[in-house]
Amino acid sequence: MTSLPEDRPSPISEDDRDTAVQRLQEAYAEEHISHEELDERLHQVLTAKTRSELVSPLASLPEENAGTTSTIAAAGGRIRRRGAWRVPRMLKVESAFGRVYLDLSQAVFEHPVVDIELQLGTGRAKITVPRDAIVDVEGLHTGWKDLLYTPRRRSSPGGPRIRISGTMGFGRLKIRHARR
């Protein structure tokens, strides 16, 4: 009888670690944990090697702020955001038939990592990111059309990390960095 291989613990990413540290800092600032607890939990987070090791230090913390997730949806027509607008920690964009245009070049980022989840049917989407942003599109699945994105060769530190995930049916996504 052959035995099935055990599930390997999933390794922790730097984004996961940064998010855990930020949650601990917010909990301390809101007086949910003491200074001693913060030190102890930060040590656990910073030495963790797998995601499962993050469960214990984050266990009794309050849930993340519900106001950090927003959804923009339209069955048809256009979805457009531009100018100085606050980007939530998690942005869900849903469009069945329309066009989507997100201009993040002048947006206010309150979080070092922003997740944008696209659920698009047909139509085009264009996202303009800040010049110093780091963009990750590994979680995006496209149907018939390709993703048009060329990462910047040099990125200055301090810019937001934008993770784009989700599903696109028959449309095309174009991502570009702002020129200034």
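Output the 0 to 90 degree angle, nearest 10, between the alpha-carbon long axis of helix 14-29 and the longest principal axis computed from the alpha carbons of the chain. Result, in degrees: 70.
Each of (1) 15.6, 43; (2) 19.7, 66; (3) 18.9, 63 is a candidate for Rg and Dmax of the Cα atoms in Å; the one calculated from this structure is (3).
Measuring r between the beta carbons of Gln22 and Ser56 and using R0 = 22 Å, the FRET efficiency lands at 0.80. At full extension, His111 and Ile72 could sit 12.2 nm farther apart than now, given 0.36 nm per residue minus the alpha carbon distance. Taking amide H atoms as placed 1.01 Å from N in the peptide plane, the amide H of His177 lies under 5 Å from those of Val129, each 5 or more residues away in sequence or on another chain. Label separation (Arg176 vs Ala84): 2.5 nm, computed from points 7 Å beyond Cα along the C-beta direction. Only lysine pairs 8 or more places apart, or on different chains, with alpha-carbon atoms under 15 angstrom apart are counted in the chain, and they number 4.
Of the GluC sites (Glu not before Pro) found in region 95-180, those in coil by DSSP whose Cβ has at most 12 other Cβ atoms within 10 Å are Glu110. When the charge dipole of the chain is built from unit charges on Cβ atoms (+1 for Lys and Arg, -1 for Asp and Glu) and taken about the Cα centre, the candidate among His111, Gly169, Gly77 whose Cα reaches farthest toward its positive end is Gly77. Axis of helix 35-47 versus longest Cα principal axis of the chain: the two differ by about 70°, to the nearest ten degrees. Amide H contacts under 5 Å for Ile12: Thr50, Arg51, restricted to partners 5 or more places along the chain or on a different chain, H placed in the peptide plane at 1.01 Å from N.
We did not get these values from a lab; they are worked out from the coordinates using the rules stated. Since the model is a prediction, treat every value here as computed from it, not as a measurement. Don't worry about glycine lacking a Cβ; one is built from the backbone with ideal geometry, like all the others, and counts go over all protein chains shown.
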